[in-house]
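A short worksheet on the structure shown next.
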Amino acid sequence: MGCAVWAYKGWIGEFYPPKSPAGELLHLYSQRLRTVEGNTTFYAIPSSETIAQWKSQMSPGFQFCPKLPRSLTHNRLLKPSIAEALAFLERMRGLGEHLGPVFVQLPPSYEPAFLEDLAAFLKAWQKTEVAIALEVRHPDWFESPHASHLNELLTQLEVGRVLLDSRPAYSHSNLYKTPLDVRKPRLPVQPVVTAEFSFVRFISHPDQQVNQPFFQEWVKWVDQELKLGQQIYFFVHCPIEDYSPANARQFQQLLEENGVLIPPLPWNQIDHSPIQLSLF
């Protein structure tokens, strides 16, 4: 269970203790959630020193899922970027046991006509023996015959399929009269399993009541897949980022209430004793 970021200052005071310094937020995050979708690497490649610093802050068992830089994924084709992608991975290996699946997000312009290019890239990556998950955004990937061609390729190469569910964020809520600035595509939800792990991105709504029916669908799916031996990375986003941790916690609670066998959320094991206010 995780969110997309950790260094969000709006979480200080609720998710994080009051006055938490920026340099400790990753450590505090890893004490509360089990994984993070490393969106920061999408915008800039961190130095080896930064990666070593991140690693030193992570709690045992914590998984960091770096996102392949957009400079490699958003320049039309993937094949010319293979060498740079592998170099990026070598740097991220500095995370050691904390390195989770690498996340590749393709732009809406990357269409099924580029299937051979995609296959060449994924076959080159396969040699690294590091798990990788793929998100496609061109609508044709979700239609026949392209959907089956993609899923066959991913299954053959044991590449995880990123399952994006943006339905809640586009749903109506009486608490939010104006539409949310979602910034995520509205695409069909096709919970296809193509590897031994799945990578879910749930774009939640600030109103938890809106999330409830969609979460219930995912509770059933998660329960089913865990019983089949799947490992699931479930990332909760929100257009208003302040709500992401609480929405992730809501999903954890629903899973537990429905008897799904999952590890406890570290956040729930932290002492929440009232803070004694000082007069001075």
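Each value in this text was obtained by applying a stated rule to the coordinates, not by laboratory testing. Since the structure is predicted, the reported quantities are computational estimates derived from the model, not experimental observations. Glycine gets a Cβ as well: all are built from the backbone with ideal geometry, and neighbour counts include every protein chain shown.
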HN-Hα J in Hz across region 261-270 - Karplus 6.51, -1.76, 1.60, θ = phi - 60°, x for Gly and Pro: 7, 10, x, x, 7, x, 4, 6, 9, 7
Structure-based [θ]222 nm, the chain - -39500 (n - 2.57) summed over DSSP H runs of at least 4, per residue, nearest 500: -10000 deg cm²/dmol
Crossing angle, helix 48-57 versus the chain [Cα axis fit, 0-90 degrees, rounded to tens]: 40
For Ser198, residues with placed amide H under 5 Å, excluding near neighbours: Gln231, Ile232, Tyr233
Three-way shape label, region 14-120, alpha-carbon gyration tensor, a/c 1.5: prolate
Extension gain from Asn75 to Ile270, taking 0.36 nm per residue of separation minus the Cα-Cα distance: 65.8 nm
Residue-by-residue Karplus 3J(HN,Hα) for region 156-162, coefficients 6.51, -1.76, 1.60, Hz, glycine and proline x: 4, 9, 6, 9, x, 9, 6
Rounded to 10°, Cα long-axis angle of helix 115-126 versus longest principal axis of the chain: 60
Rounded to 5, the percent of DSSP beta bridges in the chain classed as antiparallel: 5
The chain, relative contact order in percent, only Cα pairs under 8 angstrom and at least six apart counted: 18
DSSP-loop GluC sites (Glu not before Pro) across region 149-210, with at most 15 other Cβ within 10 angstrom: Glu158, Glu196
Ascending count of other beta-carbon atoms within 10 Å, so fewest first, for Tyr110, Tyr233, Tyr8: Tyr8, Tyr110, Tyr233
Summed residue charge, Cβ within 11 Å of Ala248's Cβ, Lys/Arg positive, Asp/Glu negative: +3
Three-way shape label, region 164-280, alpha-carbon gyration tensor, a/c 1.5: oblate
On Cα atoms only, tilt of 82-92 relative to the major axis of the chain in degrees: 30
Inter-label distance, nm, simple model (7 Å from Cα along the C-beta direction), Glu256/Glu196: 2.9
Backbone HN-Hα couplings from phi across region 218-228 [Karplus 6.51/-1.76/1.60, Hz, Gly and Pro as x]: 6, 4, 5, 5, 4, 4, 4, 6, 5, 5, 8
